[in-house]
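The values are calculated or read from the model by the stated rules, or taken from the named source; none is laboratory data. These numbers were taken from a predicted model, which means no experiment stands behind them. Every residue, glycine as well, gets a Cβ built from its backbone with ideal geometry; the counts of neighbours run over all protein chains shown. Quick note on the areas: whole protein, heavy atoms, side chains included, nothing else; ligands and nucleic acids left out. Shrake-Rupley method; radii C 1.70, N 1.55, O 1.52, S 1.80 Å.
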Amino acid sequence: MTRRGAWRRLLRLGRPDPAADIDAEIESHLALQIDDLMAEGWSREAARDEALRRFGDRGRAEREVLAVHARREATMRRTEYLRGLAHDLRLALRHLRRRPAFTLIAILVIALGIGAGSAVFAVVDAALLRPLPFARADEVVCLWDQQDEQTGLPLSFPEFRDWERDGDTFLAALAAIDGAGVRLKTETGWDLVEAARLAGDPRGVFGVDPLIGRWFTPEEMKTQARVVLLDEKMWRERFGASSDVIGTQLPLGQGSFTIVGVLPSRAKLFRGPAGANVSLWLIKNEGPTTDRGLHFLGVVGRLRPGVTFEQAQAATRVVADRLKASKVTEHGMGIQRARDALIGDTRPVLGVLAVAALFVLLIVCANLASLFASKFLERGRELAVRVALGAGRGRLVRLVVTESLVVGLAGGAVGLVLAQAMIEVTRAAARRAGALAPSSSADARVVAFTLATSLAVGVAFGLLAALRATRVDPAAALKDGERGTTGGRGGARRRKLLVAFQIAVSFVLVAGAGLLLRSLAHMLGEDPGFDPHGVLAARILLADQRFEDDAPKRAFLVELDRRLAALPGVTAASAATELPLDGGDTNGSFAIVGREEPGRPDLQSKKRVVGPGYFAAMGIPVLAGRAFRDGDRDGAPDVVIISEALRRAHWPNEDPVGKRVRFSWGPGDVEEIVGVVGDVRHDGLNRPVDGIMYRPMAQFPMRGLQVVIRTKTDPDALIAPLRGAVAALDPGVAMFDVRTMDRIVSVSTAAQRTLLLLIGGFAAIALILAAMGVYGTIALVVVQRTREIGLRLAVGAQRGDILRLVLGEAAWMLVAGLVAGACVALAASRALAELLYGVSAADPLTFVAAGALLVAVGLGATALPARRAARMDPLAALRSE
């Protein structure tokens, strides 16, 4: 028999005690070896010598025997631990089942905190933490036009070609993206879908392979072939994800295009938040877009391997200076990391949401630590009996923490369900992060975060409660009988400090919500510069080839104005390229005739092309001169109308009517100013007023435009007549996105209102938890001081005295919490400064109101236990002791 077999036989004899005599075990093992060898025909002496040879030296034998015992003991300890854990789990479930009200409240509290935290994490993770879904995403950058102090502007096509040629020292690939609507023919008619048009080397920049098919070839890009790539969503919804779609013809308004591939939806990230609806990818047709002053392209590049972002920044300055020196352009170039470009100005919003969610979690931990401490202090007799029977402190801590973990995990599961509903609201507040935000379905990272947070919260408040509850004096606890233990003055002080902490954090959230509320009120109180009530708007796209020339466009627009003005109840109707607060924008340079100086930079202005009835339809007042009229058409002198902001900036002490400017966009050389109109807030109610220059639609007709109708009746009632008028005029013209101007104004403030909703929701949760903390602590104080209150009442104390006594217990918690909260809020409110409008981050009225609200909530939570104490029967109180 081998030595391994001898050991197995030895182990089969029984379960050796680690404390047994090693010598006896070794001798027993040797005897077994000798017997086995003698059975094989060996003599006793030879068998003994062979057994000793196989057995080896005594020290090694001792170590092997001890190792066997150690492994057995480890296995036994693990088994015992798992049995104990299962036992603790059963006990925890039993205790929680006996107190369903406490269990449900605790689970709901955790669910609210973790649900809010998980929803915020989902958006923050997608926008800031998760790698971008592209190969070597750190190499992807966005490039912008820079004009004087303005940056982040789109490029013109000639500028893109300049950078495509001169940027190869640090750029491996460069691509331009332009968005536009195209008409798609279906079985029921024409649909309008969003398309992105590409130029340059998009495949090299994107680093994304098509799901099926291929990219555009360089030859197709050069010849601007009629080929199209489908977006993944459109491929699945319209074509059933069939691979047979490759090579088929797709009928668009410009003709039939051959489908060559399907791009995954993540490619739409480069279109930013507006790219969510991109359905088609086409090749950009340069056509008439060679005007260097026409800026409309988003440009994305990929750095060469080994080139850092800082090196690329320096290289852009060198190339921009070289282009300026060659008199090709006067504009500079800005470069930005792709993630920063996609997030835009959302980073402060994400930071505020993350801090607010963290504060709610802190309040949850403090509240539950207090609740569980009180709960386990009530179980003082039970814990004392366990200690008296020999249970160690570690065993009791494990029992308490197991119970808290069960509640934490149950609350986390419910919180994950709540997070599903909150993710959409959270990403709506972070509108610019919408391109990176997750879907409403929580992914593995969000589930992992929820699980980790649930465990952390469960351990945190459970461990804190356990360390206090397990400091049990068995003799004192058993002597007190069923009354358990109160935790002493130290425990009461700690519970009050936890409540003060909750009040402080609640003050920060309430003050933040108040600042956002006042900011929104100031924003909504601003005059937008136009009257949105009773106005209906719709987009129109003249996409057919027959509208390539200006004459058909002018004829269509004149007849459209006539038909719309004839609709019942319509008082004014017109068309415009962009509407206020609708997200679109076009700006550029101009010069004032007579003030041109060599080397002087061009002046900047927003630019709008509008019809003759636009100012009447929008309710924009004409302050000087006149509005556009039917005579401002092709062949007549070129004219413009400026806004009051432009007049203040460039003609502060003179009448600009009759002055002339050189307009850098579109046909015409010199335009005469014929009127001044009121300022309009185009970019947002919380954004400063910019100067605007208007051109008449008849002199510069556009394909993509919006119609506006002012009516004396309900504007929604005009939707059907509007569609009918456009269809009767030209059935092939696509009209879409019909909505009222009131709706446009509402949507423009949606991000601020959603952020207020979220912070206000967090503040409401904090107030509820703080009220629960105050109530629970004061109620426990009343129970602990029952004998004292009874004695006071017995010797003549009035009910008012008892009320003051109980309210005094709550007063110092409120005062301490409010003072600490005000200090923290003053520092934290600076983070909100970028999100506020018309109100200071340290607005005293908001802080006073937040403090008053918390005092009211705290006193309200104290009222019930104080009333109970004041109505206490002295004899019953003394008998209870």
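What net charge do the residues around VAL745 carry, taking every other residue with its C-beta under 14 Å from that of VAL745, with Lys and Arg at +1 and Asp and Glu at -1?
Details: positive: ARG681, ARG687, ARG739, ARG743, ARG753; negative: GLU526, ASP527, ASP531, ASP582, ASP683, ASP742.
My count for the surroundings of VAL745 gives -1.
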Over the stretch 491-618, equivalent-ellipsoid semi-axes from the Cα gyration tensor in Å: 51, 25, 15
R0 of 60 Å, Cβ-Cβ distance GLU219-ILE105: FRET efficiency to nearest 0.05: 0.30
Calculated from backbone phi, Karplus (6.51, -1.76, 1.60) coupling profile of the stretch 326-340 in Hz, x at Gly/Pro: 7, 6, 6, 8, 10, 9, x, 9, x, 10, 8, 4, 4, 5, 4
Long-range HN-HN contacts of ILE212 with modeled amide H, under 5 Å: VAL262
Amide H within-cut-off set for ALA241, under 5 Å, with H built and near neighbours excluded: ARG236
Cα pair count fraction exceeding 25 Å, expressed as % - the stretch 747-881: 43
Label-point separation in nm, ALA325 to SER840, each point 7 Å along Cα→Cβ: 5.0
For the stretch 92-241, convex hull volume per residue from C-alpha positions, Å³: 267
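Mind pulling the per residue volume of the convex hull built on the Cα atoms of the stretch 717-826? Å³ is fine.
185
Quick one: ranking GLU526, GLU187 by accessible area, 1.4 Å probe, largest first, what do you get?
GLU187, GLU526
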FRET efficiency for VAL848 and LEU524, using Cβ-Cβ distance with R0 set to 35 Å, rounded to 0.05: 0.95
Computed label-point distance, nm, for sites LEU129 and TRP190 using a 7 Å Cα→Cβ extension: 4.8
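Restricting attention to the stretch 197-265, which chymotrypsin sites (Phe, Trp or Tyr not before Pro) occupy a DSSP loop and are surrounded by at most 12 other Cβ atoms within 10 Å?
Those that pass, being in a loop and sparsely packed, number zero.
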Straight-distance crosslink candidates among lysines, where the alpha carbon sits under 29 Å from LYS496 and sequence neighbours closer than 8 are dropped: LYS375, LYS479
Calculated Rg and Dmax of the stretch 185-274 using C-alpha coordinates, Å: 13.0, 38
Hits among lysines - C-alpha to C-alpha of LYS233 under 19 Å, sequence gap 8 or more where chains match: LYS185, LYS268
